Amino acid sequence: MAERVEREFLPFVRRPGRYIGGEINQVKPVPSVAEGRDLGKCKLTVALCFPDVYEVAMSYTGLAIIYDILNKIEDVAAERVFAPWIDAEKILREKNLPLFSLEYRAALASFDIVGFSLTNELCYTNVLGMLDLGGINIRSSERDQSQPIVIAGGGMANCCEPMAEFIDLFVLGEGEEAVVELVQLIKDMKKAGRLKKEILQKLAKTFDWAYVPAFYTGGELRNAVVEDFAHAPVPLKPIVPFAEAVHERVSIEIMRGCPGRCRFCQASFCRRPVRYRSVEKIIDIAKSCHKATGFDTVSLLSLSSAEYPKLEELVTKLHKYFHDKHVGLSLPSLRVDRQLSNLPKLLTSVRKSGLTIAVEAANEKLREIINKPIKDEDLFAAVEAAYKAGWQKLKLYFMVGLPGETEENVKKIVELSYRLAKLRKEVDNKTGEINITISWFVPKAHTPFGWLGQKPRAYFENARRLILDEKRKLRANFLHFKFHNINRSVLESAIGRGDRRLGDVIEEAYKDGARFDLWDECFEPSIWQRAFEKFGLDLDELAQRQFETDEVLPWEHLGGPEKKYLLGHLEKAVKEIENLEFRM
């Protein structure tokens, strides 16, 4: 197989660096290397699959963690398999080559377990493509004993019914401990000669975070939670990519969960409770990873980094160690209200390429409805402090189509951005350059807004016109707007809250050529439109569907908070909308 890849595949693809493996810190499968292992002699082999290209996959921290954990378990070998780009898929099919792993160049179908990370609804056709290219039947019911157990985890596992026909088992919640228990039980049952059906039945009965669609008999499942997150395993020797990755940096998760409860955010409701790593632990991880990789940026990850209780101490100590090594710090996910007092001190040690703030709505009342209570005065004070600390560029995120929103709220996005740009004049007499990303509200499962429908396409198209018209009126060339693809957001809404009927639609779209739907150059809305119509489903109707509060939701058995708790949040939001409309 390795020889065929060298001879028939690599010379013909545009970016061979995506497929060659062998990077620094890769776990080597060569028996003669002390730290490596022989794939053929391991008792359990796992293909860790990411349904996107190498550059994206290698930036995903979750995959790196599971890869490190599994390869430290005796008699277990985990290898990476990523989605081949369009040119590579064509060559694999023409040469009749199966999709293969990077480390050992083993065919996907030769592994005992094939595990997928599901991070977005629009990667589903790539999952089917990888199974198909790997010589594995797409539908779970059509696989025999000789084919691998297909497992999926990640954020989309909590709303996975559209993929239930293709995946044998879903891991709900956090994977660090769950994956160890999972592979240990599979390894033991495999050794005992148990059939795949028996293994899946046992897994479904043993773990309440394991969802096996074929053997589900009712009841609510729970998310796996790593209670001792402070000491959860972290790869201290991350792989250094050959092809340039989206994020080439030391990425350290400093906390898990989010004290805030933005009513549109699935992660803030599903990833609980809030847990922290100590300053000392984070610094030790940063030192080890930098030594092993040479990356020139340390990124502190979380859903809301400003909520880390010792952020100032952490940044100060990291700066003290790394500043003379030409290593910068990246602080994403800073909440404006909490970062304000620390901003001038913290920002002096962080690279000033651009400050990112997720404002979401340009109106304070609308922010209260979505439960993100940022005050305008705090926002302006934070941006002014950033300008004074040396920041020259600003990036803002807004969401359009939120419950309770009006046309005036949409127009105010431009006004607020304009004022923030002009604020720099008070610091150095220049106008700030601001990049503004506009996303379209997509109601998500396991959130208070999951019961609500998405706005029609025409609403989003009109909102885009309003924003650009306001920009022209203000002659604000220093404001640079980027809009998410409306068709993609509509599809995300329809699939994300869908049921098993959508399995047929996803398979049909795949067969009709849907690939890499998250990439603008590949996304073809007409393919999906045809697939929905073939099975008598209306794409827009499903995206705009409003669920009744007493009906059974397609995702309510799949982990997440209690329904009563979410409905309490929804009720508060509705009252705030009614009060806002009354005042208007």
Qualifying position, being of a type in the set (A, V, I, L, M, F, W, C) and either in a loop (DSSP other than H, G, I, E, B) or open to solvent by 10 Å² or more (accessible area, probe 1.4 Å) (or both), among 97, 92, 182, 128:
97
If you go through the stretch 481-497 one residue at a time, do you hit one that is open to solvent by 20 Å² or more (accessible area, probe 1.4 Å), more than 30 Å from residue 128 (Cα to Cα) and within 27 Å of the chain's Cα centre (by Cα)?
yes
Considering only the stretch 541-583, state which residues are more than 24 Å from the chain's Cα centre (by Cα) and hydrophobic (A, V, I, L, M, F, W, C).
547, 552, 567, 570, 573, 574, 577, 580, 582
Among what's in the stretch 51-66 and is surrounded by 20 or more Cβ atoms within 10 Å (Cβ to Cβ) and of a type in the set (Gly, Ala, Ser), pick the residue that is nearest to residue 84 (Cα to Cα).
57
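A quick yes/no check of all residues on (1) open to solvent by 40 Å² or more (accessible area, probe 1.4 Å); (2) at pLDDT 95 or above; (3) part of a helix (DSSP H, G or I); (4) closer than 21 Å to residue 494 by Cβ:
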{"site": "527", "(1), (2), (3), (4)": "no, yes, yes, yes"}
{"site": "532", "(1), (2), (3), (4)": "no, yes, yes, yes"}
{"site": "542", "(1), (2), (3), (4)": "no, yes, yes, yes"}
{"site": "545", "(1), (2), (3), (4)": "yes, yes, no, yes"}
{"site": "553", "(1), (2), (3), (4)": "no, yes, no, yes"}
{"site": "560", "(1), (2), (3), (4)": "no, no, no, yes"}
{"site": "568", "(1), (2), (3), (4)": "no, yes, yes, no"}
{"site": "576", "(1), (2), (3), (4)": "yes, no, yes, no"}
Pairs only if they're at least six apart or on different chains, beta carbon under 7 angstrom, first in the stretch 259-287 and within 25 Å of residue 315 (Cα to Cα) and touching a residue at least 40 places away in the same chain (Cβ under 8 Å), second assigned to a helix (DSSP H, G or I) and acidic (Asp, Glu); list them, first residue then second.
259/307
If you check every pair at least six apart or on different chains, which have Cβ atoms under 6 Å apart with a residue in the stretch 360-389 that is over 15 Å from residue 417 (Cα atoms) and open to solvent by 50 Å² or more (accessible area, probe 1.4 Å) first and a residue that is acidic (Asp, Glu) and assigned to a helix (DSSP H, G or I) second?
368/576
Does the stretch 402-420 hold any residues that are surrounded by fewer than 22 Cβ atoms within 10 Å (Cβ to Cβ) and of a type in the set (Gly, Ala, Ser), and which are they?
404
Determine which member of the set 256, 249, 194 is under 20 Å from the mean Cα position of the chain (by Cα), open to solvent by 60 Å² or more (accessible area, probe 1.4 Å) and either more than 30 Å from residue 25 (Cα to Cα) or basic (Lys, Arg) (or both).
249
Of all residues being open to solvent by 20 Å² or more (accessible area, probe 1.4 Å) and closer than 22 Å to residue 266 by Cα in the stretch 199-222, which is nearest to the chain's Cα centre (by Cα)? Just the residue, please.
222
On the basis of being among the acidic types (Asp, Glu), in contact (Cβ under 8 Å) with a residue 24 or more places away in the chain and surrounded by 24 or more Cβ atoms within 10 Å (Cβ to Cβ), does residue 176 make the cut?
no
With respect to the numbered conditions (1) over 28 Å from the mean Cα position of the chain (by Cα); (2) at pLDDT 95 or above; (3) not polar (S, T, N, Q), which one is the sole condition not fulfilled by residue 438?
(1)
May I ask you to list the residues in the stretch 106-125 that are open to solvent by 10 Å² or more (accessible area, probe 1.4 Å) and β-branched (Val, Ile, Thr)?
119
Residues that are modelled with pLDDT of 95 or more and open to solvent by 10 Å² or more (accessible area, probe 1.4 Å), drawn from the stretch 72-83
82
Quick one: would you say residue 146 is farther than 30 Å from residue 442 by Cβ, open to solvent by 10 Å² or more (accessible area, probe 1.4 Å), part of a helix (DSSP H, G or I) and not β-branched (Val, Ile, Thr)?
no
Considering only residues of the stretch 12-35 that are surrounded by fewer than 17 Cβ atoms within 10 Å (Cβ to Cβ) and small (Gly, Ala, Ser), which is modelled with the lowest pLDDT?
32
For the stretch 205-253, give me each residue that is out of contact with any strand residue (DSSP E or B) (no Cβ under 7 Å at 6 or more places or on another chain) and part of a helix (DSSP H, G or I).
205, 206, 213, 214, 215, 231
Conditions (1) of a type in the set (D, E, K, R); (2) open to solvent by less than 50 Å² (accessible area, probe 1.4 Å); (3) without any contact (Cβ under 8 Å) to a residue 24 or more places away in the chain -> residue 507 fails only (3)
Please tell me if residue 360 is under 18 Å from residue 573 (Cβ atoms), among the charged types (D, E, K, R), at pLDDT 90 or above and under 25 Å from the mean Cα position of the chain (by Cα).
yes
Only one of (1) at pLDDT 90 or above; (2) in a loop (DSSP other than H, G, I, E, B) fails for residue 298. Which number is that?
(2)
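The values are calculated or read from the model by the stated rules, or taken from the named source; none is laboratory data. All values derive from a computational prediction rather than experimental measurement. When we count neighbours, we look across all protein chains shown, and the Cβ atoms used for this are built from the backbone with ideal geometry, even at glycine. Please note that ligands, DNA and RNA were not included when accessible areas were found on the heavy atoms of the full protein model with its side chains. Shrake-Rupley method; radii C 1.70, N 1.55, O 1.52, S 1.80 Å.
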